[in-house]
Amino acid sequence: MKSCYDVVIIGAGPAGIAAATALQKKGVTDILLLDRENEAGGVPRHCQHPTFGALVYKRPMKGHVFSEKILEACRNIDVITRATVVAIHQDGFLDISTPQGFKTIQGHRVILATGARETPRHPRCISGLRPLGVLTVGALQQFVYLTKQRPCNQPVIIGTDLVSFSALWTLRNAGIKCVAMIEENHRVTAYRPSEIFAKLLGVKIHKSTRLESIHGLERVEAITVKDKNNDLTTIACDAVIFSGEFVGENTLIKNSHLAYTPDTGCPIVDQYGRCSDNIYYAAGNMTHPADMGDQCYLEGLKIGQAVADSFLIDSIPTENKVMVHHGENIRFTVPSCFTLENTKHVDLNIRVSKAISGTIQICADDVVIHEKRGSFLPHRKISIKNVNLSHLDKMTQEIQIKIV
């Protein structure tokens, strides 16, 4: 490992790999790609459901195949695994922990692509003891696909988003029968046809039902759930798999000099992925937990191109950033600010905090400049494309996004 690189990328998942690939294609080759795991490839590496590749390669493929293909595109890049960045500083200095010891290196540009993680039991405030058998979907997939272990025999899954159904797929492949799925809302978070998959596997989905407590001394033995009528039911099981409720892996951001949004911890980035310190960029699910691997890869390509362009003097404006403010029922927007100079059209990635129908209005200084009507669900990506900012005055103070 050298002490200085043109670009250091933290995180070797789809977004980080794509950024490295784009940089390489633009002629930037002095790149270091870091990852704390044993191998590069990110979450898709331990996913064997065929929901990857449709956007990038125009055909579906399993996650580990997708990881191998995107890594092949940047095979000439230096990749160091089992390397954890523990602190980031001004001027691109990074403190890194490796099996060989601590080291400080510098990147003339640094791309943060640390991904997202599921919310485990503790932040969800679920009562009970701490027996074996409580895990997340990510841990389940690593048990089954990477270490070839069978972590349970009769699990329940908490949540019904797309990742929850990928857990069903993993359990099926391992020959494990899921006992039930538990969903707090009146409908599944994923697309409704996903329920057919659960039905075919004989798995009951308990809607409008909340997990109250987990029972078992050494190993999970049962759970108690409460339905909308406040009736309590005990379900025998030997594992509880928490899924979804992703949050960005933003620990580095919160302990750094970079500006971030207090309620999500996500770094404030403009349409180029650029943070409040122009040396640092952010890409992928750390800014919008949690999009699909293909979407993160395509975004990583754009960020990589922007970083390559930033080495050209005055290629990307650095002044006149306008903050995006969002109203009630909107959880976050990405980008969270815009650089208006030389900007014509931009895309937005939005999440709502609850199921809601209405019109999303994008306003500049209280004038509506774009609208999108529809029904929106939490944890579901809302993509708004080609918002025209070209006519905005350079004195524009802020952009507001609200649902009416």
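The values are calculated or read from the model by the stated rules, or taken from the named source; none is laboratory data. Being a predicted model, the structure only gives us computed values, none of them experimental. Cβ atoms come from the backbone with ideal geometry, glycine included; neighbour counts cover every protein chain shown. In case anyone asks, the SASA skips ligands and DNA or RNA and just uses the protein heavy atoms, side chains included. Shrake-Rupley method; radii C 1.70, N 1.55, O 1.52, S 1.80 Å.
So that you can scan it fast, the table gives a plain yes or no per residue for (1) open to solvent by 10 Å² or more (accessible area, probe 1.4 Å); (2) touching a Ser or Thr at 6+ places or on another chain (Cβ under 7 Å):
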residue: H186; (1), (2): yes, yes
residue: I205; (1), (2): yes, yes
residue: L217; (1), (2): yes, no
residue: D227; (1), (2): yes, yes
residue: A236; (1), (2): yes, no
residue: V240; (1), (2): no, no
residue: T251; (1), (2): yes, no
residue: P262; (1), (2): yes, no
residue: G265; (1), (2): no, no
Please determine, by comparing only the residues of the stretch 289-308 that are in a loop (DSSP other than H, G, I, E, B) and either farther than 20 Å from A20 by Cβ or among the polar types (S, T, N, Q) (or both), which one is modelled with the highest pLDDT.
P289
Somewhere in the stretch 45-62, is a residue in a helix (DSSP H, G or I) and surrounded by 15 or more Cβ atoms within 10 Å (Cβ to Cβ)?
yes
For the stretch 229-248, what are the residues that are without any contact (Cβ under 8 Å) to a residue 24 or more places away in the chain and either assigned to a loop (DSSP other than H, G, I, E, B) or of a type in the set (K, R) (or both)?
N229, N230, D231
Are there any pairs with C-beta distances below 9 angstrom linking a residue in the stretch 136-160 that is on the phi > 0 side of the Ramachandran plot to a residue that is open to solvent by less than 70 Å² (accessible area, probe 1.4 Å) and assigned to a helix (DSSP H, G or I), with the two at least 6 apart or on different chains, and if so which?
G159/V137; G159/A167
What pairs come out if I take residues in the stretch 349-372 that are within 13 Å of V324 (Cβ to Cβ) and pair them with residues that are surrounded by 19 or more Cβ atoms within 10 Å (Cβ to Cβ) and of a type in the set (D, E, K, R) whose C-beta lies under 9 Å away, six or more apart or interchain?
N349/D291; N349/E299
Only residues that are closer than 30 Å to A54 by Cα, at pLDDT 95 or above and of a type in the set (V, I, T): list them for the stretch 69-86, please.
I70, V79, I80, T81
Farther than 22 Å from H257 by Cα, touching a residue at least 40 places away in the same chain (Cβ under 8 Å) and either of a type outside the set (F, W, Y) or open to solvent by 50 Å² or more (accessible area, probe 1.4 Å) (or both), is that true of L23?
yes
Close pairs (7 angstrom Cβ cut-off, 6 or more residues apart or separate chains): under 17 Å from A18 (Cβ atoms) in the stretch 273-286, open to solvent by less than 10 Å² (accessible area, probe 1.4 Å) and among the polar types (S, T, N, Q) anywhere:
M286/N250
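To keep it simple, each residue is scored yes or no on (1) modelled with pLDDT of 95 or more; (2) of a type outside the set (F, W, Y); (3) surrounded by fewer than 23 Cβ atoms within 10 Å (Cβ to Cβ).
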residue: I88; (1), (2), (3): yes, yes, no
residue: D95; (1), (2), (3): yes, yes, yes
residue: Q106; (1), (2), (3): yes, yes, yes
residue: T119; (1), (2), (3): no, yes, yes
residue: R124; (1), (2), (3): no, yes, yes
residue: L146; (1), (2), (3): no, yes, yes
residue: N153; (1), (2), (3): yes, yes, yes
residue: G159; (1), (2), (3): no, yes, no
residue: L162; (1), (2), (3): no, yes, yes
Filtered residues of the stretch 309-321 (kept if at pLDDT 90 or above and either of a type in the set (S, T, N, Q) or open to solvent by less than 10 Å² (accessible area, probe 1.4 Å) (or both)):
S310
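Specify the residue that is most open to solvent (accessible area, probe 1.4 Å); the eligible residues are those in the stretch 267-278 that are touching a Phe, Trp or Tyr at 6+ places or on another chain (Cβ under 9 Å) and assigned to a loop (DSSP other than H, G, I, E, B).
Checked the stretch 267-278; the qualifying residue most open to solvent (accessible area, probe 1.4 Å) is S276.
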The stretch 107-123: number of residues that are touching a residue at least 60 places away in the same chain (Cβ under 8 Å) and more than 18 Å from E37 (Cα to Cα)
7
